[in-house]
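Read through the structure below, which is laid out as structure tokens, and then see the notes.
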Amino acid sequence: MELLDKLSVLADAAKYDAACTSSGAKRGFERGKIGCTSSGVMGCCHSFSADGRCITLLKVLLSNDCMYDCKYCVNRRTNETRRATFTPEELADLTIQFYRRNYIEGLFLSSGVLRSPDYTTELMIRALSILRREYLFNGYIHAKAIPGTSPELVEQLGMLADRLSVNIELPSEASLRALAPNKTKAAVLRPMRFIADRGQENRRELVKYRHAPRFAPAGQATQMIVGATGESDRRILTLTQSLYDTYHLKRVFYSAYVPVVENTLLPSLDTKPPLLREHRLYQADWLLRFYGFRAGELLDEGQPDFDPLLDPKCCWALRHPDFFPVEVNRADYEALLRVPGIGVVSAKRILVARRGGALRAEDLKKLGVVLKRAQYFLTCSGRSTAPLRLSLEGVRRNLTATERASLPAGPLDQLSLFEPA
């Protein structure tokens, strides 16, 4: 098979993996090396397409030939699909040629499981070693650590990549047993724990030895498939909270399940991907990471799923009328973050601006507050910022109308790398 034919097959096979990001890399300029596109602390920033693709990375599989038979996966062993495998040399050369043509800034590398997790990881390590040591490529690399890989190989992979990720795939062990019989929860969590522990150990080494090798400096991430099985949003978000607390993940990515294979345990092929549900989970994930919310606050047994008509923060506010109104001129930072329409940046601006005098309702918009949401939950010097006094149901109706206006009018579709624009 020609190299470009392999690229066509393996890039298309990688499109269902949403865990593709480069934020957090800290690669600075090094004399004689290539690929560093930013000297900023946060590293490179990239654009994302609707399916989660980071469009300035080469996002590809080493191979779509897999010994596993996960029922939800288009690359499963028993599925009839076109197969291809890069050699480590081919992959390294392709990456560097794409970089030299200014097509990409880095590499996102995953793979099906060839022969065994260790054998596959050895091929990935060989490819990344060629890039780093022969081509002196100093750009961003995100690599997938395959569950079941020995810790020694995960260590080598982490020394070559900026970020590692281990996909948890499904939100419960029961779902894994039903749909991915070759995988277990323990096999997925074991490399996660190793990466977390090794990352902490490496940070201590760097305190003592400035030039010590860096292990996965941009941390680790994971991905969960949403909609393939019947778990509630509460179950997914509770697992997310646990992963952040236990393994110190940088990101949890959510991928709306796209029916690509026929199976009685999966949604039918004509089922639309739950993209709005995926969107709500990302909004809730943001609240966990930056706004001080906990999973148990956002959903409970009485409401196990997010309202598709309202964002999670508005839903929380409507369920906690006792917390409001919040007085803009006296509330602390944490209280301001609980107000719909106030974000991290606007909350900090409020704290700075009110030092010079009491804020008025007309000042808030200039500070970045989204008043069409925040007005129902704020007071300025004791006066409500809302033009009318509304019941809780009236506020809900107005917020729902605002949310509908912000959503696309047509159907939501996931993009393919090879479809015409």
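Has region 278-290 got any residue that is over 23 Å from the mean Cα position of the chain (by Cα) and farther than 27 Å from CYS70 by Cβ? Steps first, please.
Here is the first cut: in region 278-290, the residues over 23 Å from the mean Cα position of the chain (by Cα) are none.
No, every residue in region 278-290 fails to be over 23 Å from the mean Cα position of the chain (by Cα) and farther than 27 Å from CYS70 by Cβ.
Are any residues in region 238-278 more than 22 Å from GLY296 (Cα to Cα), out of contact with any strand residue (DSSP E or B) (no Cβ under 7 Å at 6 or more places or on another chain) and not aliphatic (A, V, I, L, M), and if so, which ones?
The answer is PRO259, GLU262, ASN263, THR264, PRO267, SER268, ASP270, THR271, LYS272.
Which of the residues that make up region 276-286 are touching a residue at least 24 places away in the same chain (Cβ under 8 Å), open to solvent by 10 Å² or more (accessible area, probe 1.4 Å) and not acidic (Asp, Glu)? I'd like the intermediate steps shown before the answer.
To start, the set of residues in region 276-286 that are touching a residue at least 24 places away in the same chain (Cβ under 8 Å) comprises 276-278, 280-285.
Then keep just the ones that are open to solvent by 10 Å² or more (accessible area, probe 1.4 Å); that gives 276-278, 282-283.
Hits for region 276-286 are LEU276, ARG277, TYR282, GLN283.
Enumerate the pairs (first residue in region 158-178 and without any contact (Cβ under 8 Å) to a residue 24 or more places away in the chain; second residue anywhere and in a helix (DSSP H, G or I)) with beta-carbon separation below 6 Å, excluding pairs fewer than 6 apart on the same chain, so at least 6 apart or on different chains.
Short answer, once both residue conditions are applied: GLU173/LYS185.
Only one of LEU153, LEU136 is assigned by TED's automatic domain parsing to the domain that holds MET67, under 19 Å from MET67 (Cβ atoms) and not aromatic (Phe, Trp, Tyr). Can you tell me which?
Details: LEU136 fails: under 19 Å from MET67 (Cβ atoms).
One residue alone meets the criteria, LEU153.
Of everything in region 95-147 that's among the β-branched types (Val, Ile, Thr) and in a loop (DSSP other than H, G, I, E, B), which residue is farthest from LEU189 (Cα to Cα)?
Let us first name the residues in region 95-147 that are among the β-branched types (Val, Ile, Thr), namely 95-96, 104, 113, 120-121, 125, 130, 141, 146.
Those still in the list that are in a loop (DSSP other than H, G, I, E, B) too: 104, 113, 146.
Values: ILE104: 31, VAL113: 17, ILE146: 11 Å.
Filtering region 95-147 for residues that are among the β-branched types (Val, Ile, Thr) and in a loop (DSSP other than H, G, I, E, B), the one farthest from LEU189 (Cα to Cα) comes out as ILE104.
Yes/no per residue for (1) of a type in the set (S, T, N, Q); (2) open to solvent by 30 Å² or more (accessible area, probe 1.4 Å); (3) over 12 Å from THR95 (Cβ atoms):
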position	(1), (2), (3)
PRO117	no, no, yes
ILE130	no, no, no
TYR135	no, yes, no
GLY139	no, no, no
ALA145	no, no, yes
PRO151	no, yes, yes
LEU157	no, no, yes
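Name the residues in region 187-226 that are without any contact (Cβ under 8 Å) to a residue 24 or more places away in the chain and in contact with an Asp or Glu (Cβ under 9 Å, 6 or more places away or on another chain), would you?
Correct list: ALA212 only.
Within region 346-361, identify whether any single residue is open to solvent by 50 Å² or more (accessible area, probe 1.4 Å) and on the phi > 0 side of the Ramachandran plot, and answer yes or no.
Within region 346-361 (the criterion being open to solvent by 50 Å² or more (accessible area, probe 1.4 Å) and on the phi > 0 side of the Ramachandran plot), the answer is no, since none of the residues qualifies.
Residues to consider are ARG193, ARG198, ARG204; find the one that is more than 20 Å from LEU109 (Cα to Cα), open to solvent by less than 40 Å² (accessible area, probe 1.4 Å) and in a helix (DSSP H, G or I). Talk me through it step by step, then tell me what you get.
Working: ARG193 fails: open to solvent by less than 40 Å² (accessible area, probe 1.4 Å); ARG204 fails: open to solvent by less than 40 Å² (accessible area, probe 1.4 Å).
Selected residue: ARG198, the only one of ARG193, ARG198, ARG204 that is more than 20 Å from LEU109 (Cα to Cα), open to solvent by less than 40 Å² (accessible area, probe 1.4 Å) and in a helix (DSSP H, G or I).
In this structure, is LEU337 in contact with a Cys (Cβ under 9 Å, 6 or more places away or on another chain) and crowded, with 16+ Cβ neighbours inside 10 Å?
Taking the combined requirement at face value, the residue does not satisfy it.
Considering each residue of region 88-112, count those that are among the polar types (S, T, N, Q), surrounded by fewer than 15 Cβ atoms within 10 Å (Cβ to Cβ) and at pLDDT 90 or above, and give that number.
Within region 88-112, the first condition is being among the polar types (S, T, N, Q), and the residues that meet it are 95, 97, 102, 110-111.
Those left that are additionally surrounded by fewer than 15 Cβ atoms within 10 Å (Cβ to Cβ): 97, 102.
Still in the list and also at pLDDT 90 or above: 97.
Residues meeting the conditions: 1.
Looking only at region 316-324, decide whether some residue is in contact with a strand residue (DSSP E or B) (Cβ under 9 Å, 6 or more places away or on another chain), surrounded by 15 or more Cβ atoms within 10 Å (Cβ to Cβ) and among the aromatic types (Phe, Trp, Tyr).
Within region 316-324 (the criterion being in contact with a strand residue (DSSP E or B) (Cβ under 9 Å, 6 or more places away or on another chain), surrounded by 15 or more Cβ atoms within 10 Å (Cβ to Cβ) and among the aromatic types (Phe, Trp, Tyr)), the answer is yes, since at least one residue qualifies.
So is ARG82 surrounded by fewer than 22 Cβ atoms within 10 Å (Cβ to Cβ), at pLDDT 95 or above and assigned by TED's automatic domain parsing to the domain that holds PRO259 or not?
Details: surrounded by fewer than 22 Cβ atoms within 10 Å (Cβ to Cβ): yes; at pLDDT 95 or above: no; assigned by TED's automatic domain parsing to the domain that holds PRO259: yes.
So ARG82 fails the test.
Where residues in region 227-236 are touching an Asp or Glu at 6+ places or on another chain (Cβ under 8 Å) and either part of a helix (DSSP H, G or I) or open to solvent by less than 10 Å² (accessible area, probe 1.4 Å) (or both), which of them is nearest to SER110 (Cα to Cα)?
By that ranking, first place goes to ASP233.
Given the conditions (1) over 30 Å from ALA361 (Cα atoms); (2) part of a loop (DSSP other than H, G, I, E, B), and given that GLN241 satisfies all but one, which numbered condition is not satisfied?
(2)
The values are calculated or read from the model by the stated rules, or taken from the named source; none is laboratory data. If you're wondering where the values come from, they're calculated on a predicted model, not measured in any experiment. Note: ideal-geometry Cβ built from the backbone for every residue, glycine included; neighbour counts use all protein chains shown. Accessible surface is based on the protein model in full, side chains and every heavy atom, while ligands, DNA and RNA are left aside. Shrake-Rupley method; radii C 1.70, N 1.55, O 1.52, S 1.80 Å.
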